[in-house]
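Participant: Just dropping this structure here.
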C-alpha cells in the first residue's frame, strides 16, 4: 500500500467512507507518527480504522493481537475484500499454512497480520518479529479488546498480562490498545499492565444514540420476551441468560415459537460452539441464546436487538453486551427483565468469588450502580453515560423518557419495609416480608410468630407487586443488602438508619405494568429512512444477491456489503461506476469486484 497517500485518501479510496468520525483522524495521526495510544470507543464507533489506516501509512507489517480466534478470519476476509493484504496466524492453521504466512510477513507481502496473544509470545514468533524490527518492517502493534488484561473482568486472558514485554523488546514500535468500554478502574489497569504510562488516552463519547434501552420488572420473563420479539421475526439478535441450562432451554423454546435460535456457552463441545457462532455470523435472522461466554468482538453489524433475561454483573458488562446491537448505526433495541432473585444471585457470585476484599467491594459497588440504573426514575441514557463520567440531556428514546414513571413520597413505605426486615431478624426474603407487611396469615407466619410483630399488616395499602418494587428500589438505593448465603435474606445497611429515624426521605417510582410492545413502538425504532415500496423491492433484491455472493465465497454477508450500503444503493440508484464512489462503504476494490453486478441489478429494477 502506497505511503504517499494521506489518511483521508485511504479512508475514501480503500474503505469507502467520505470523512472521519470523532477523534479518528487525531488518533490515526498520532499512531502513524509513532505515538502510543489507549483508545476507548464504543462498539460501532470505528475503532478498527484507528489501527488499520496507520498500518497502511507506516512501512512494514502491523501486528494485531486479538483473543478472538474464531473471528480473525472474518476480519481478514473483510480487509481482503477492500484490497488490503492481511492474514491470520493462529492455531487454526497447519504448519505449512503458518509457515507460508510467516514467509509473507517477512517478505513484506502483508499489511496486517492477526495473531492470538499466546501465539505472539512463542519464541518462533518473537524471532520473526525481531528480524522484522531489525529490517525496519514492524509497523505497529494493535492490542484489540484491551480490557482482557483486567484480572477482574469476565473477559480476562492471562496471556494479555505478558504483552507489556512488547514495549521492552520493541521500544520504537508504536502500540495502540483498544477497547469498547472500560470504567476508570479498568482504564488504569490497562495502562499499568500494558506499560502504556506514556500513551495518549483517547476517550470517545460512550453514547450509542441508535440503541433504545428498556428495562421491565421480571414477571414471567419468557412471556415478556415473546412480547418484546413481536414484529421482530427475521431480525438477528442475542439473548443473554445467566446459566447454561437456561441458555439451552431458551434456544429450544424460541425455536418452537418460530424464532430460529441457537445456544452458546462454555459447556458446549468446542466444535458445536464454533459451528453455532459461524451460523449466527453468516446466516440472517438468527437469534443466539448465550451466556457471557459469547459476544466479545462480535463483528456482525446488523444485530437488531440484545435482550437480557437475567441481570448482568455490572453497568460496564451491560454496556458492553448491549453494545453488540446496531453496530451499523441503524436503530436497535436493548431490552432487559430483572427481579430481586437476580440481585441475590449476583451478590452470591461476588461473595463466593474468592477475590480480595477490596475487589469484592468494587464489584458490589458496580452491581449497585446497575440496580440504580434499572430503577432510575430518569432517562436511562443519562444514568448510563453518567456512570462513565459523561453528562447529557434526556434522550427521548428510552422507556423512561417515552413513558415516564410516576414518583411518590415513599418514606413511610420504606420505613415499614425496613422495620419488617429488622424485626424479623434480617433472615427472610422479599416474599415472606411482603406477607408480613400485608398481614397474610400462613403456616410460616405462625411458626416464627411474625403475626405478633408490630409490622404485621401495616402495609395492606400496597399489593404484592408494589411491595416487591419497594424492596427492589431500597436495594438499588443502597439501603438494603441481599444476602444469598442466607437464601436471599434482606439485611439493613448503615444508610437505612437515617430513614428509620426520619432523617432522610425516600422518593420511589410507582410500579407500572408496562405494555410488552406495540406496533407503533416497533415502527418508531425502525431504520430512520423508510424506503418506498419500489426502493424496498430493490433493497431486498440486493440482499438476495449479497447472500448468494457471500455463500459462493464462504464469507458472512456483511463482509460483502453492509445493509446501510445496500439501503443507500436502493435509494440513490447510481447509474455509473463514478456515482458508485458516492455511496458509503463503496471503496475502489468493492467497485472493481461488484460494480457491474450492482449496476445491472439497479438497471433491472428501474
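Participant: Test residue 92 against the stated conditions and say whether it is without any contact (Cβ under 8 Å) to a residue 40 or more places away in the chain, surrounded by fewer than 22 Cβ atoms within 10 Å (Cβ to Cβ), outside any helix (DSSP H, G or I) and not assigned by TED's automatic domain parsing to the domain that holds residue 319. Break it down stepwise before answering.
Facilitator: Numbers: without any contact (Cβ under 8 Å) to a residue 40 or more places away in the chain: yes; surrounded by fewer than 22 Cβ atoms within 10 Å (Cβ to Cβ): yes; outside any helix (DSSP H, G or I): yes; not assigned by TED's automatic domain parsing to the domain that holds residue 319: yes.
When the stated conditions are applied, residue 92 passes them.
Participant: Identify the residue in region 95-114 that is within 13 Å of residue 62 (Cα to Cα) and out of contact with any helix residue (DSSP H, G or I) (no Cβ under 7 Å at 6 or more places or on another chain) and, among all such residues, is surrounded by the fewest Cβ atoms within 10 Å (Cβ to Cβ).
Facilitator: Once the filter is applied, the top-ranked residue is 109.
Participant: Considering each residue of region 168-178, count those that are under 13 Å from residue 194 (Cα atoms) and either outside the structural domain of residue 121 (by TED's automatic domain parsing) or touching a residue at least 60 places away in the same chain (Cβ under 8 Å) (or both), and give that number.
Facilitator: Count: 5.
Participant: (1) without any contact (Cβ under 8 Å) to a residue 12 or more places away in the chain; (2) touching a helix residue (DSSP H, G or I) at 6+ places or on another chain (Cβ under 9 Å): which one isn't true of residue 413, the others all being true?
Facilitator: For residue 413, the failing item is (1).
Participant: When residues of region 107-127 are filtered for being part of a helix (DSSP H, G or I) and touching a strand residue (DSSP E or B) at 6+ places or on another chain (Cβ under 9 Å), how many remain?
Facilitator: As a first pass, look at region 107-127 and keep what is part of a helix (DSSP H, G or I): 117-120, 123-127.
Those still in the list that are touching a strand residue (DSSP E or B) at 6+ places or on another chain (Cβ under 9 Å) too: 117, 119-120, 125.
The number of residues fulfilling the criteria is 4.
Participant: Now for a separate question. Just to be sure before I move on: is residue 281 under 16 Å from the mean Cα position of the chain (by Cα), touching a residue at least 60 places away in the same chain (Cβ under 8 Å) and crowded, with 24+ Cβ neighbours inside 10 Å in the structure I sent?
Facilitator: no
Participant: I'm told residue 59 meets every condition in (1) within 21 Å of residue 155 (Cβ to Cβ); (2) touching a strand residue (DSSP E or B) at 6+ places or on another chain (Cβ under 8 Å) except one. Can you identify the failing condition by its number?
Facilitator: Unmet condition: (1).
Participant: Taking residue 25 as meeting all but one of (1) over 25 Å from residue 559 (Cα atoms); (2) surrounded by fewer than 21 Cβ atoms within 10 Å (Cβ to Cβ), write down the number of the exception.
Facilitator: Evaluating residue 25 over (1) over 25 Å from residue 559 (Cα atoms); (2) surrounded by fewer than 21 Cβ atoms within 10 Å (Cβ to Cβ) leaves (1) as the failure.
Participant: Sticking with this structure for a sec: Return yes or no: is residue 221 surrounded by 16 or more Cβ atoms within 10 Å (Cβ to Cβ) and either within 23 Å of residue 326 (Cα to Cα) or more than 20 Å from the chain's Cα centre (by Cα) (or both)? Spell out how you get there, then give the answer.
Facilitator: On the way: surrounded by 16 or more Cβ atoms within 10 Å (Cβ to Cβ): yes; either within 23 Å of residue 326 (Cα to Cα) or more than 20 Å from the chain's Cα centre (by Cα) (or both): yes.
Spelling it out, residue 221 is indeed surrounded by 16 or more Cβ atoms within 10 Å (Cβ to Cβ) and either within 23 Å of residue 326 (Cα to Cα) or more than 20 Å from the chain's Cα centre (by Cα) (or both).
Participant: Please verify whether residue 201 is in contact with a strand residue (DSSP E or B) (Cβ under 9 Å, 6 or more places away or on another chain), surrounded by 19 or more Cβ atoms within 10 Å (Cβ to Cβ), within 30 Å of residue 60 (Cβ to Cβ) and touching a residue at least 12 places away in the same chain (Cβ under 8 Å), treating the condition exactly as stated. If you could, list the steps in order and put the result at the bottom.
Facilitator: Working: in contact with a strand residue (DSSP E or B) (Cβ under 9 Å, 6 or more places away or on another chain): yes; surrounded by 19 or more Cβ atoms within 10 Å (Cβ to Cβ): no; within 30 Å of residue 60 (Cβ to Cβ): yes; touching a residue at least 12 places away in the same chain (Cβ under 8 Å): yes.
The answer is no for residue 201.
Participant: Given the criterion closer than 22 Å to residue 145 by Cα and either modelled with pLDDT of 85 or more or in contact with a helix residue (DSSP H, G or I) (Cβ under 7 Å, 6 or more places away or on another chain) (or both), identify the matching residue among 389, 329.
Facilitator: On the way: 389 fails: either modelled with pLDDT of 85 or more or in contact with a helix residue (DSSP H, G or I) (Cβ under 7 Å, 6 or more places away or on another chain) (or both).
Step by step, each of 389, 329 is checked, and only 329 is closer than 22 Å to residue 145 by Cα and either modelled with pLDDT of 85 or more or in contact with a helix residue (DSSP H, G or I) (Cβ under 7 Å, 6 or more places away or on another chain) (or both).
Participant: When the residues of region 520-535 are filtered to those that are surrounded by 14 or more Cβ atoms within 10 Å (Cβ to Cβ) and under 19 Å from residue 602 (Cα atoms), which remaining residue is modelled with the lowest pLDDT? If you could, list the steps in order and put the result at the bottom.
Facilitator: Initial filter on region 520-535 (surrounded by 14 or more Cβ atoms within 10 Å (Cβ to Cβ)): 521-522, 525, 527, 531, 535.
Next, from what is left, pick out any that are under 19 Å from residue 602 (Cα atoms): 531, 535.
On the way: 531: 83, 535: 92.
Looking at residues that are surrounded by 14 or more Cβ atoms within 10 Å (Cβ to Cβ) and under 19 Å from residue 602 (Cα atoms), I get 531.
Participant: Of all residues in region 235-266, which are surrounded by fewer than 17 Cβ atoms within 10 Å (Cβ to Cβ) and at pLDDT 90 or above?
Facilitator: Pass one, region 235-266, residues surrounded by fewer than 17 Cβ atoms within 10 Å (Cβ to Cβ): 243, 245, 249, 252-253, 255-258, 260, 266.
245, 249, 252, 253, 255, 256, 257, 258, 260, listed by residue number.
Participant: Quick one: count up the residues across region 53-85 that are over 25 Å from the mean Cα position of the chain (by Cα), buried (at least 24 other Cβ atoms within 10 Å of the Cβ) and either outside any helix (DSSP H, G or I) or at positive phi (or both).
Facilitator: Here the count works out to 2.
Participant: Out of (1) assigned to a helix (DSSP H, G or I); (2) buried (at least 20 other Cβ atoms within 10 Å of the Cβ); (3) at pLDDT below 95, the odd one out for residue 428 is which?
Facilitator: (1)
Participant: Here's a follow-up. Determine which member of the set 141, 156 is without any contact (Cβ under 8 Å) to a residue 12 or more places away in the chain and touching a helix residue (DSSP H, G or I) at 6+ places or on another chain (Cβ under 8 Å). Explain how you work it out, then say what you get.
Facilitator: Values: 141 fails: without any contact (Cβ under 8 Å) to a residue 12 or more places away in the chain.
After applying the criteria, what remains is 156.
The values are calculated or read from the model by the stated rules, or taken from the named source; none is laboratory data. As the structure is a computational prediction, the values presented were derived from the model and not from experiment. Reconstructed Cβ throughout: ideal geometry from the backbone, glycine too, with neighbour counts over all protein chains shown.
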